[in-house]
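One structure is given below, encoded as structure tokens.
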Amino acid sequence: MQEKYLQKCRELSDIKRKVDLLEQVKLLHDKNVLLEKSTHAKAWGYHKITGSSEKVSYYTGLPNEQVFVWVVSVFAHSSQCVPSQGLSQEDQVLLVLMRLGLDIHLCFLADLFDIGKNSASKLFETVLTVLVAELKKLIVWPDDNSFNPWLPEAFRTKFSRVRVIIDSTEIRLEKASATTAQSATWSPYKNSNTVKVLIGITPDGLISYVSDCWEK
């Protein structure tokens, strides 16, 4: 009789353990469903503009979606050292290009992509560093032989020896806390704090030189 009682207790204990495991499985399943819903319900990201080259061009400054996809593929080859902060590679690149092209503050971008401000700041710096290292290879100074076939008709008669058109641009900065830095970067022309960059452009419109940034 005692043996039957102990056997029954063991069976009840096994049943209770199985019930507890089933409850844990259900709880994990429910959490997973909520996580998937929150992921799919993300308010902003590449998924909101894909399929529309017009929107991709507006938010990234690139000519179309194909170029954006190519830039992402270039970034993907060297992105192992970049913390994702929970964002896809497309969203990481999109955040950086929106910051550069639309001058959107990092606080707003952090809210837009649902990450912390510090995460957005770190992501911007690291992704931009990777993109610069990879894309600067495209900026080359062509030799004479490569210039001639592509020289625009307007240049052929009077300006056939022109190799580069010099221009400069200024990039606005956030106002520094140090007065010396404020003074060094102040631009009366832009009425703002900026750094200056010298740019070389070939007659057919390609950027062939970009200087280091400099202050006034």
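Some points to look at:
- Flag for SER57 being modelled with pLDDT of 90 or more, touching a Pro at 6+ places or on another chain (Cβ under 7 Å) and surrounded by 10 or more Cβ atoms within 10 Å (Cβ to Cβ): yes
- Residue check for LEU95: modelled with pLDDT of 95 or more and either crowded, with 16+ Cβ neighbours inside 10 Å or touching a Phe, Trp or Tyr at 6+ places or on another chain (Cβ under 9 Å) (or both): yes
- Of the residues in segment 52-72, none is under 12 Å from the mean Cα position of the chain (by Cα) and charged (D, E, K, R).
- First in segment 111-132 and among the basic types (Lys, Arg), second anywhere and at pLDDT below 90, Cβ under 8 Å, 6 or more apart: LYS122/PRO83; LYS122/GLN85
The values are calculated or read from the model by the stated rules, or taken from the named source; none is laboratory data. Predicted model, so just to flag it, every value in this text is computed and none were measured. Virtual Cβ from ideal backbone geometry, glycine too; neighbours counted across all protein chains shown.
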